[in-house]
Structure formats: structure tokens, C-alpha cells
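Chemist: Please see the structure below; I have some questions.
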């Protein structure tokens, strides 16, 4: 058999940076560019023009004169422009300035005595060895050298040590020495004379970056592939911004040369030189302060080299760090509780489009032939075949039978997706690693991705139109890695807090709550119906028999069927009333969960048992029985819960917010009383009888007191409403079980919306001394500052409505600001920490090998597995070995 | 059958386990009275359990930590001010505070100290109050009414005798402090009690008005930067809470318990107590901020952030002016912020990017050296 192993891809070991010398550049340049024109009248590139064929090709059909590659093959080649006079590279202005001040104007030596130079060199070497940046040390070198008044190495005509000159810098690119302007030529001459050993002292590397190379004598012309021109619909060519800039440079350069040869007056020469400097400056960076940006004919500033690299959409962050991929799909997501958490439902249309390459070997040749034979129209088919020589052949309606005959070991078939294939599934923003997880495909009809609602929390997805992405893995290695490390069941526990992030939500919780609370009489049919989807073959002993002799079961028994045997757990449920002394198992509210040997003895299953983030049963099952059983448990819980909630039904309507009349009156009285109290407070305040709280002014004090009073009033109103609604109300069930909403939401709907606040204070702004013209000036009363007495059900009056809108707007603004701030915080954190890795010795180090932690987290423990190293784990082991209680 | 404490000690002393496990193990062993055989089995099982709980080598703990702290950021409030612990003092909380911590700001927007009191002071309200007066910066406006007498070109300070006595200050002290601070002559008329008169040397309206302004900047007693001190009873102890922070000066005050005195200013902690204290301060502040918002984040993640901020011996910012700006790789720095400058500098220095980090390798399109990318497994084929 052919054992052709693809060659191991080469690795780039390191990349070296440097300045390019004019000599080297002329050598690597394929042509000098001397004409500012691009194409001739026939649309053919002009020789030695900006689109010269030696610089690369972008037009299909033409061949590159340097590498004879066609468009797409030829990478492009640099050309050059010989500048008539040297110009300064803007980016190095700071360095040029510092260097000029640090060297002797005559002999160009660094004005530091040899001992100091040696000392600095040594320090530099040490920093380099430690991998630290030398910036601050180099600054010290410059500072000290600039301080020297005289040159220690040469004398002036009188034989005294030569005095250094004062060099002033003027934006953008002017250097003035004792009132005289220094031309780039002069600067360059000085730099040329700096000896190599001095160059090293200020941190430059003379082999790769001589200081005089910071002043340009020859300008690189980037290849055409870097600045492709586009043909507009009208057939007109539109050139890239860089080309425009180069045209300007060449024009000025030519004019400069002509003038100089003609012996033009010095003034004109200087002007032209400055103009050339301007164009070269803006060619590199069009946002230099002090330089008016070069503009396009339309007035838009040109996007030159710096602008291409910078910022979010720049080359670095936008193109190089942000890779684009093939083999991906995106569509809307919708829920399907019948899928496993490890699965994702994929629309048939997507499954038919996307492929996985399979290399044909003897053992799968028949299977692959079947796929190819089915073609691309019949679902589990194939879209392409790749011959041994690498040629791709499209499978079409016409050739599929023929291709099926032809394929043989060594070929590759790109087959369509089938059930069980591993794909990556992702929802943006990808804030943590659980935002990308591996799922197994289930090909389904219709056009949305389907997922188990339990995996919503890690993706932070809902189904109000959210879209998600799917990526199909193309190699065996990646599929194996994804399955072992990224599959949903491996991510049930979040490393953030070490608990389950995947678990029941909404209906799962209320469903379980309804099922396990109270004595439910469930007939045999009912029980079987509930457990239909779980692999339960036998029902337990019935809880009792009805008068007719029919056996019945209760919800706790049904739930126990899906709990793994041997599970022991006790904890207070979410509905716990937080009594002063907990009666534990004897709780009369059935709010203390006791599970013995996988049997739910007491208590109600709610958010604290199976909820995402909080589910303790979930947590224990996953940690004790492993991820596979954990995943199965979640699957069973969701299916059971959905059937549980369907058994009784759970709906919520406007009528559920109704409170009886006496409650309404009670609420009204409470609020009126509170208003009166507030009124009394204001009176006391106005009479200056109020005593200020320590450290607060009187005005602050009254505000705080009023806020407190009104807050309490709202809570009381809510309490009254809550008492009258009772545990049979759907909203109360949802709030108490932790499925959705809170008692506060219910209070606002049924009793009283409460105080609207801006920045944590009552609403104060608006007209002078009052919020709205409806109130008296200086009125401090509750309703004048945003207290909403009404409930959502009863409806708000106009002023209340307006205050509510103010409060609501603050919330919206808050969210918008927060997302951008926290996004940046996360970007910074990730950037600072991304290179850290646990080494084989347990230490945490970064790329340079600097130890950040000698043992990860001081104890070397993974947060998702921290339960195995807690004192309780020790107790458990001691108990297991000795059979004696520890405490 | 039970083995002695010494035996347990000798059996457990060389185990590579964290201290809390070791201690529990020893205690449990003693309490239960295990036999040697049982102890051996217990140790074996605990080692197994511990090993299972350890992080796996090559795990990208940095990214996990960063995500674990960043992700809940979206759920935090922007409400800057909140009354935490002490009703009287405002403290920055939520996302702004978290940003402040990782920014390693010179001083937080709401510096605050918790000053515990030494024995003898902590239970006596009057003594606690006296210490508080020593700490709180006292200005003229706390003690007196200042009137500008334009007719006689004078500033007249009418001191409140009751307040003076309360704060244990006397008029001569104040006169001297003002004299030192302003460089003017101060007289105390005999006719009126508790009055000071300031007469500028060279009388001019502008000078007088300036003086009336400057007088409020002079600290007559207490520590500069401490705007307010609040006394609260925690349990049966009085504790002082200050608005403003000046750790070094507060530590000099008699009557405070230096070991339990704390500031929320991380850089200041570093200056006074050193880098290890600063690290613990970062951890405490970050954990407190997150917990206050009801978010649980494993302490290991925060430790890692604190450690990378402090591992060079100084508190470094998470960001451009700190860790990200001092990375070894040119590409990593360029891809973060200030792209062009980093590239130009690299060219000038002749830097070499060794491509060891994550960003660099993504940029050049190679597998990154983290996690499974850092494992070098070569399959042995038959016959090799």
C-alpha cells in the first residue's frame, strides 16, 4: 500500500527586524520607477512606471516579468525611487532628534566617556539576557549624552574640547542648530560617521540598522499586489491610495531634479525639498501631528502605510490576528429539548453543502463509492473527489456514477455531513472557552440549528433570533481533539467557579418543581409517559393504591428513577424560607432536599438542584460519576421536566397579576401611609428640625431617609401582594423555584413599581427646582421625584410614565457603556495573560520563561476539580477506609 | 492499634500535598485513631485524589483566568458609588473598580482605609474618638468662622472653643501652624476670647483675598489626605474608617493596631509594605469587588492576575503601559496597541521575534505552543 505521508510542515523559527540599507534595497529592487504614469492608452502597464510588470501583476492574463507567475501566483516584487535629495523618515523623528543631541556635531561620537559606554553596554547585554525591553535604559543613555556640554573626543580650532551645539526640533520634521536649519543631508552625514561601537551603546544594531538609514535616499515602491487598482463598472480604473501618493512623490522628485540641474535659486530648491519631504512623510503616515493630511480628490484623507497597519480593522488586528475560514455555516438557532446536550440539529441544506474529506483506504472504499454514487443531491452523498495527484473533481448529476466506478484507495472523497460527525459550534461574543464547543451532528429538516436549551447558559443564547456559527473540522486530529476536549459534556463544569454552567433553565426548573413538590398522584400510564424518553424499563414499587385499587406513584419517585444509584446528598432547596433554625429533613415546607442512595426522600427539586450555575445535584453527579453519566442525567432531567411541566401545564396571563380587592386597599393604605411619613420628614426638614446623619449634609440626609421609607413601602406592598397570590400562582411558582423572574418583578407587576432612580438617586433634573411643571418648585414629595405608586397592571399615570422612561433609559445607556468597557477589560486581560501555561513541573511561566507562579494557584489544583482536594474529600476518604465518622 | 501523632507526622511529612490537606489528614488521623495499615491506604487514596485534582501540564491557565474575570464583567453594574460596609463612606464598586484594580492606578478614585485600634483603645469610644481626631485632617473651617475685614485689611478667625476642647487643640498651636503655613504675623487680641487676627505684611486687596483662600488649605491637625474619619462598632470593637488614604502616616499614630490597618490603595500598599502585600491587596480587592456583585470567581484566577501584575517586583498595569507593552514579542505588542511605533522600534533595534507566544504564531499562521500544541508526541512505528 502506498504510504505517502505528507511532509511535516516547516516552522518559522524566528523573525528578525531591521532597517534596510539603501545599497541592499537597490539590490533587491527589480526596477527603478521613473514615470509617474501607470497605464498607457491601451491599458497596458508602462515600463518603469508604477504598474511596471516587473513589480508583479494583478490583471488576469498578464505574466510577471520577474517571476513569470500569473495574477494570484506572483507575490509581487519591490521597486524603488531614487530620491534626488535625502528625506527624513517620519517614524524615526524621535530617534533622530535624540541621536543628534547625543553626538558631537563634528566627530559624530557619542558624548560619553569610554568607561560609561562600557558600563551601559554591559547593562544592555544583561537586560537582553533577561528578556527585558531596553527602552528606559536607552533613554538614560540619551539623556546623559545630551547633558554633556563638550565632546570628550575632539577639540576645536583653539585646542579646547569642542562645544556641543543646541539642536532644536520643530514639528513636523525640522531640525534647527544654532538658528540654522539642518538639512537631511547634513544629518545623514553626521550619522554616517558614528562609529559602530557607539551605535551599540544607544541600543541600535549596526549590522541591521545603521542610524543613517533612518534618513531615506532611496524610497521602496511596494509591489502592485499591495496596491491593486480596481476597475469600476464604467471601465475606468481607480488607483489605490498608495499609488496616488507614489505618483505625487515621483512628480515632485522629477521637478526637484529638473530645477536643480537647471540651477534654480536656493529658495525654490528648498521649497521643493520640503514638498518632497511632505509627500514622503504622508506616504508613511498620514496622521502626523502638524502635517496636514494628504487628501483624495473627493476630500477624503488618504489611507497610507501607517493607517493600513493601525487599529481594529488594520493589518495586524484585522487581517493577521483575525483569520477567516472555510467550512463554516451560520443560521438562526431554535430549541429542541429532545436532542442530547452533546448534539446539534443541522438543517439538511447545510449538511448537503458542507463536507468532510475522507481518504479512501481498502476498508472504506465501498462505503465511499456509495457516497459518490449518490451524488450531491441525495443526502448522504459526496460533493467532490480528489485524485491521487491532487486534482479536485466536482461530483455532478452527470458524472457521479462514472466517478464512483473510478475511485480507489489513495483518492479522497469529500462526503456530506451525516449524523454523529463532530463540529464546532459557536456564538459571539466568545467571552469564554465555553462559547465554542464541539457537538455531534443530527441532520434535521427545516432551516435552523437546533440545540438543547440546557446549553444556552454557556453560549448565553436565547431564541429571539440569535444566530450561531458551525465549523466543520477537516482532519482526524482536530476531530479527536474536539471530541476529547471540547465536547459539551466535557464543559459542564465551568472553570470560572468550578460548578455546572450547563443545566436546567426556565421550564426545566418549574417542571421539576411541579413534579416533585407535594404528593402527586401519578398513574401507571402517567408515570410511563413521564419516563418515556429516559432509559427506564421498570417502575419502582408504587407509592400506594387508589380506592379503586389502581397503583399510583409520586413525583419524587419518578425523579429518583433518573438519579444515578448511590448518590447521597442533602441541601436546602431554593424555596427554603430561611427559618432561624433549620429543621433539615423535617422541613414542613418540603424545602430541604434529602437524597439517599439515588432516591429522593424529601424535598423539592428546583434551581438549587438542577439549575445551571447552582444545581447541586448536577454538580455532584458530574463530579462523582463522570461527564458521560452527567450528560445523560442532564438529558434525562430535561426530558422529564418538559413532560412534567406539560402534565400540569404552566401558563401566565394578565389575570395572574390580579390581587383581591382587600389586598388592593391594603397596598393603597401602605403607600399612602408611606407618603404621609415622607411628608412629615419633609416638614421636619423644612423646619430644620431634622438631624443630619454623620458625615452627610442635611439635604443628603433627607434624600436618604425618603429613599429608605419609599423602598420599604414598596417592599411591604409587594409582601401584601405576594401573600394574596400564594404558591398556586404561576409567577410565584417561577420566582420561588428560580425558573424565571423574581418576587420583585411580581411586586412591580401586581403591587407597586416603586422608586425610579438615576445614578442611585431620586430623579432631580428637569426644570429649575422641579422635575416637571406638574409640581411645585422645591417640592420634595415622593411623586415629584419619580416614585411610581401604580403597578404595571394598573397602569402608570403620565408623570409616572415619564419618570419610568427616565429610569429605563439609564438602564439602556448603562448596558451600552458596560459592554464596551468590559470588552476592553477582557481584551487587555487576555492579552496580558494569554501566553501563560502550566509547565510539567507545575509552575506557571510565560514565553520568556519567567516564573509567574511556582505552583498554579498555590496548590496546583484545577478549579473544576477542586472538590477532590478539599478537607471534605479527606474526611470522605478517611471515613471510607476506617469506616468511622470523622466529626 | 491507633498510631501516635509522631508516626502520623513522619508518615505525612514528605507528601507533596498542600498544607490544608496535610493538616486535615493529620487531624483526622488522630481523631479517628487509624492503624498504620489504614493510614497507608488513606495516604495512597488521598494522593490519588490530589493528583486527579491537579491542573494538567500545558493547560492554558492564563486565558482561562482572563476569561473567567472578563466574562462576568458584562454582568456587573456601572453604578460607581455604593455604600459598602459603612453607610457614611462612598466606595467605587462594580466594573469601574475592577478596571481600576487591573489598571494599577496610583490612587483609586475613592481611597479608603480601615484602621483597627490597639488594645485599650478599641473598646473605649472616647479614646477611639481621640485617635480619629489625630488622623482626620482638620482645617480652619472645622474650627472657626473666618471673616475678611476689608476695612482694616485683616482676617478675623473666631475659633469655636467647644470644638477646640473636643479636638484637644489650643489656640497657640493653631496660631503657630497658620504662621508656619502662611508666613504671616498673627495676633491674638486680649479683648475677645478665642480670636486670631491675621494681618498681611504688605496689605493689598488681592493679597488679602488670596490669603482668605489659602487659609483653608492649611492642615491644623491630623494627616493630609484624610478627609473624614468615621467610627463604627464592629462586634465589640471600635474601628475607624477613613475617606482618603495615607497609610504611612496613619501607621505612626499611637493607638492604632498596625497589623490590622488596611488601605484599598494597592500602589500605596506596595510602597509601604512591599510587593507581597500588594499582591494580596490586589487579590482581596478584586475578590471583594466581584463578591459584592454576587459573582463567584475562583480565587486561583485572581491570584494569577495578581501574580503577573507583581511578579517583577513592582505593580504593573494590565495593558499598554504594563505587561502587554513589555512583552518579548514584537508582533504581540504590535497586535495589541500602538502598532506602528512598536514595529519602527523593532526595526531600529534589530529585534528578533522568537515566535514563542500565542499572537505571534497566529500572525504567521502556525500552531500555537499551548495546550495540545505544546505536546510533542512522535509515534513509534513497528521496527523503529
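The values are calculated or read from the model by the stated rules, or taken from the named source; none is laboratory data. Keep in mind that what you see is a predicted model, and the values were worked out from it rather than measured. Virtual Cβ from ideal backbone geometry, glycine too; neighbours counted across all protein chains shown.
Chemist: Are there any helices (runs of 4 or more DSSP H) wholly within region A:44-161 with 3 or more residues that are without any contact (Cβ under 8 Å) to a residue 40 or more places away in the chain and assigned by TED's automatic domain parsing to the domain that holds residue A:187, and if so which?
Modeler: On the way: elements: A:93-102, A:114-130, A:135-147.
Hits in region A:44-161: A:114-130, A:135-147.
Chemist: Moving on to the next point. Would you mind stating whether residue B:326 is within 8 Å of chain A (Cβ to nearest Cβ), out of contact with any strand residue (DSSP E or B) (no Cβ under 9 Å at 6 or more places or on another chain) and surrounded by fewer than 23 Cβ atoms within 10 Å (Cβ to Cβ)? Let's see the steps before the verdict.
Modeler: Details: within 8 Å of chain A (Cβ to nearest Cβ): yes; out of contact with any strand residue (DSSP E or B) (no Cβ under 9 Å at 6 or more places or on another chain): yes; surrounded by fewer than 23 Cβ atoms within 10 Å (Cβ to Cβ): yes.
When the stated conditions are applied, residue B:326 passes them.
Results for (1) at pLDDT below 85; (2) assigned to a helix (DSSP H, G or I); (3) at negative phi, shown as yes or no for each residue.
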position	(1), (2), (3)
B:91	yes, no, yes
B:101	no, yes, yes
B:105	no, no, yes
B:115	no, no, yes
B:120	yes, no, no
B:131	no, yes, yes
B:152	yes, no, yes
B:156	yes, no, yes
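Chemist: Among the numbered conditions (1) part of a helix (DSSP H, G or I); (2) surrounded by 15 or more Cβ atoms within 10 Å (Cβ to Cβ), tell me where residue A:485 comes up short.
Modeler: Unmet for residue A:485, out of (1) part of a helix (DSSP H, G or I); (2) surrounded by 15 or more Cβ atoms within 10 Å (Cβ to Cβ): (2).
Chemist: If we keep just the residues of region B:333-345 that are closer than 18 Å to residue A:847 by Cα and at the interface with another protein chain (Cβ under 8 Å from one of its Cβ atoms), which is nearest to the chain's Cα centre (by Cα)? Show your work before the answer.
Modeler: Applying the first criterion (closer than 18 Å to residue A:847 by Cα) to region B:333-345 yields B:333-336.
Of the ones still in play, those that are also at the interface with another protein chain (Cβ under 8 Å from one of its Cβ atoms) are B:334-336.
Values: B:334: 31, B:335: 31, B:336: 27 Å.
Per the stated criteria, the residue is B:336.
Chemist: If you check residue A:403 against the conditions, is it in a helix (DSSP H, G or I) and more than 36 Å from the chain's Cα centre (by Cα)? Walk me through how you get there before you give the answer.
Modeler: Working: in a helix (DSSP H, G or I): yes; more than 36 Å from the chain's Cα centre (by Cα): yes.
Yes.
Chemist: On to the next question. Given the criterion assigned to a loop (DSSP other than H, G, I, E, B), more than 44 Å from the chain's Cα centre (by Cα) and at pLDDT below 90, identify the matching residue among A:681, A:690.
Modeler: Checking each option against the conditions leaves just A:690.
Chemist: In region B:178-194, how many are in contact with a strand residue (DSSP E or B) (Cβ under 7 Å, 6 or more places away or on another chain) and either touching a residue at least 60 places away in the same chain (Cβ under 8 Å) or assigned to a helix (DSSP H, G or I) (or both)? Steps first, answer last, please.
Modeler: Of all residues in region B:178-194, those in contact with a strand residue (DSSP E or B) (Cβ under 7 Å, 6 or more places away or on another chain) come to B:178-179, B:184-189, B:194.
Among the residues that remain, those that are also either touching a residue at least 60 places away in the same chain (Cβ under 8 Å) or assigned to a helix (DSSP H, G or I) (or both) are: B:178-179.
The number of residues fulfilling the criteria is 2.
Chemist: So which pairs qualify, if the first residue must be in region A:729-748 and at positive phi, the second must be not in a helix (DSSP H, G or I), the Cβ gap must be under 7 Å, and the two must be at least 6 apart or on different chains?
Modeler: Here the result reads A:738/A:574; A:738/A:606; A:738/A:611, each pair linking region A:729-748 to a residue that is not in a helix (DSSP H, G or I).
Chemist: A follow-up question, please. Scanning region A:447-476 for residues that are part of a helix (DSSP H, G or I) and in contact with a helix residue (DSSP H, G or I) (Cβ under 9 Å, 6 or more places away or on another chain), which turns out surrounded by the fewest Cβ atoms within 10 Å (Cβ to Cβ)? Talk me through it step by step, then tell me what you get.
Modeler: Taking region A:447-476 first, the residues part of a helix (DSSP H, G or I) are A:453-459, A:476.
Next, from what is left, pick out any that are in contact with a helix residue (DSSP H, G or I) (Cβ under 9 Å, 6 or more places away or on another chain): A:453-455, A:457-459.
On the way: A:453: 23, A:454: 29, A:455: 30, A:457: 19, A:458: 23, A:459: 22.
If we take residues in region A:447-476 being part of a helix (DSSP H, G or I) and in contact with a helix residue (DSSP H, G or I) (Cβ under 9 Å, 6 or more places away or on another chain), then A:457 is surrounded by the fewest Cβ atoms within 10 Å (Cβ to Cβ).
Chemist: Okay, next question. Given (1) at positive phi; (2) part of a helix (DSSP H, G or I), where does residue B:294 come up short, assuming only one miss?
Modeler: With (1) at positive phi; (2) part of a helix (DSSP H, G or I) applied to residue B:294, the lone miss is (2).
Chemist: Any residue in region B:238-248 that is on the phi > 0 side of the Ramachandran plot, in contact (Cβ under 8 Å) with a residue 24 or more places away in the chain, crowded, with 21+ Cβ neighbours inside 10 Å and touching a strand residue (DSSP E or B) at 6+ places or on another chain (Cβ under 7 Å)? Break it down stepwise before answering.
Modeler: Filtering region B:238-248 down to residues on the phi > 0 side of the Ramachandran plot leaves B:244.
Next cut, in contact (Cβ under 8 Å) with a residue 24 or more places away in the chain only: B:244.
If we keep only those that are crowded, with 21+ Cβ neighbours inside 10 Å too, we end up with B:244.
Filter once more, keeping what is touching a strand residue (DSSP E or B) at 6+ places or on another chain (Cβ under 7 Å): none.
The answer is no; no qualifying residue exists.
Chemist: Given the condition in contact with a strand residue (DSSP E or B) (Cβ under 7 Å, 6 or more places away or on another chain), surrounded by fewer than 19 Cβ atoms within 10 Å (Cβ to Cβ) and either away from chain B (no Cβ under 14 Å) or on the phi > 0 side of the Ramachandran plot (or both), answer yes or no: does some residue in region A:763-773 qualify?
Modeler: Yes: one or more hits.
Chemist: Sticking with this structure for a sec: Those residues that are in a loop (DSSP other than H, G, I, E, B) and either touching a helix residue (DSSP H, G or I) at 6+ places or on another chain (Cβ under 6 Å) or closer than 23 Å to residue A:726 by Cα (or both), I need them from region A:584-597; list them, please. Let's see the steps before the verdict.
Modeler: Of the residues in region A:584-597, the ones in a loop (DSSP other than H, G, I, E, B) are A:587-591, A:597.
Once the filter is applied, which keeps residues that are in a loop (DSSP other than H, G, I, E, B) and either touching a helix residue (DSSP H, G or I) at 6+ places or on another chain (Cβ under 6 Å) or closer than 23 Å to residue A:726 by Cα (or both), region A:584-597 yields A:587, A:588, A:589, A:590, A:591.
Chemist: Right, here's the next one. Restricting to region B:283-309, give me the number of residues that are surrounded by fewer than 19 Cβ atoms within 10 Å (Cβ to Cβ) and either more than 14 Å from chain A (Cβ to nearest Cβ) or farther than 20 Å from residue B:71 by Cβ (or both).
Modeler: Going through region B:283-309 one residue at a time, the tally reaches 3.
Chemist: Next up: Please specify each residue of region B:249-277 satisfying the condition of being at pLDDT below 90 and at positive phi.
Modeler: B:255
Chemist: Scan (1) surrounded by fewer than 19 Cβ atoms within 10 Å (Cβ to Cβ); (2) in the same structural domain as residue A:304 (by TED's automatic domain parsing); (3) in contact (Cβ under 8 Å) with a residue 24 or more places away in the chain for the single condition residue A:235 breaks and write down its number.
Modeler: Just one mismatch for residue A:235, condition (3).
Chemist: What number goes with the only condition from (1) assigned to a loop (DSSP other than H, G, I, E, B); (2) surrounded by fewer than 12 Cβ atoms within 10 Å (Cβ to Cβ); (3) without any contact (Cβ under 8 Å) to a residue 24 or more places away in the chain that residue A:311 does not pass?
Modeler: Here residue A:311 clears every test but (2).
Chemist: How about region A:192-302: which helices (runs of 4 or more DSSP H) wholly inside it have at least 2 residues that are closer than 30 Å to residue A:69 by Cα and within 14 Å of chain B (Cβ to nearest Cβ)? Give the derivation first.
Modeler: Numbers: elements: A:196-201, A:241-261, A:266-284.
Result: A:266-284.
Chemist: Restricting attention to region A:314-329, and to residues there that are closer than 21 Å to residue A:487 by Cβ and surrounded by fewer than 18 Cβ atoms within 10 Å (Cβ to Cβ), which single residue is nearest to the other protein chains (Cβ to nearest Cβ)? Please lay out each step first, then the result.
Modeler: So the first thing to find is which residues in region A:314-329 are closer than 21 Å to residue A:487 by Cβ, and the list is A:325, A:327-329.
Subset that is surrounded by fewer than 18 Cβ atoms within 10 Å (Cβ to Cβ): A:325, A:327-328.
Numbers: A:325: 12, A:327: 17, A:328: 18 Å.
Step by step, filter region A:314-329, then rank; the result is A:325.
Chemist: Okay, moving on. Just checking, which of B:361, B:280 is modelled with pLDDT of 90 or more, over 28 Å from residue A:861 (Cα atoms), more than 8 Å from every other protein chain (Cβ to nearest Cβ) and not in a strand (DSSP E or B)?
Modeler: Working: B:280 fails: over 28 Å from residue A:861 (Cα atoms).
When all the criteria are applied, what remains is B:361.
Chemist: Let me ask you something else. I'd like to know if region A:414-428 contains one or more residues that are within 14 Å of chain B (Cβ to nearest Cβ), under 28 Å from residue A:469 (Cα atoms), in contact with a helix residue (DSSP H, G or I) (Cβ under 6 Å, 6 or more places away or on another chain) and crowded, with 18+ Cβ neighbours inside 10 Å.
Modeler: Yes: region A:414-428 contains one or more residues that are within 14 Å of chain B (Cβ to nearest Cβ), under 28 Å from residue A:469 (Cα atoms), in contact with a helix residue (DSSP H, G or I) (Cβ under 6 Å, 6 or more places away or on another chain) and crowded, with 18+ Cβ neighbours inside 10 Å.
Chemist: Let me ask something else about it. Given the criteria farther than 25 Å from residue A:745 by Cβ and part of a helix (DSSP H, G or I), does residue A:601 qualify?
Modeler: Numbers: farther than 25 Å from residue A:745 by Cβ: yes; part of a helix (DSSP H, G or I): no.
No, not satisfied.
Chemist: Where residues in region A:848-868 are crowded, with 18+ Cβ neighbours inside 10 Å and more than 7 Å from chain B (Cβ to nearest Cβ), which of them is farthest from residue B:68 (Cα to Cα)?
Modeler: A:867
Chemist: Then there's this: What's the number of the only condition in (1) more than 14 Å from chain B (Cβ to nearest Cβ); (2) within 53 Å of the chain's Cα centre (by Cα); (3) crowded, with 19+ Cβ neighbours inside 10 Å that residue A:151 fails to meet?
Modeler: Every listed condition holds for residue A:151 apart from (2).
Chemist: Sticking with this one: Across region A:817-847, what is the number of residues that are in a helix (DSSP H, G or I) and facing chain B (nearest Cβ under 10 Å)?
Modeler: Applying the first criterion (in a helix (DSSP H, G or I)) to region A:817-847 yields A:817-833.
Narrowing further to those that are facing chain B (nearest Cβ under 10 Å): A:817-819, A:821-833.
The total comes to 16.
Per-residue answers, yes or no, for (1) farther than 16 Å from residue A:499 by Cα; (2) surrounded by 14 or more Cβ atoms within 10 Å (Cβ to Cβ):
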position: A:590; (1), (2): yes, yes
position: A:598; (1), (2): yes, yes
position: A:610; (1), (2): no, yes
position: A:618; (1), (2): no, yes
position: A:630; (1), (2): no, yes
position: A:649; (1), (2): yes, no
position: A:656; (1), (2): yes, yes
position: A:659; (1), (2): yes, yes
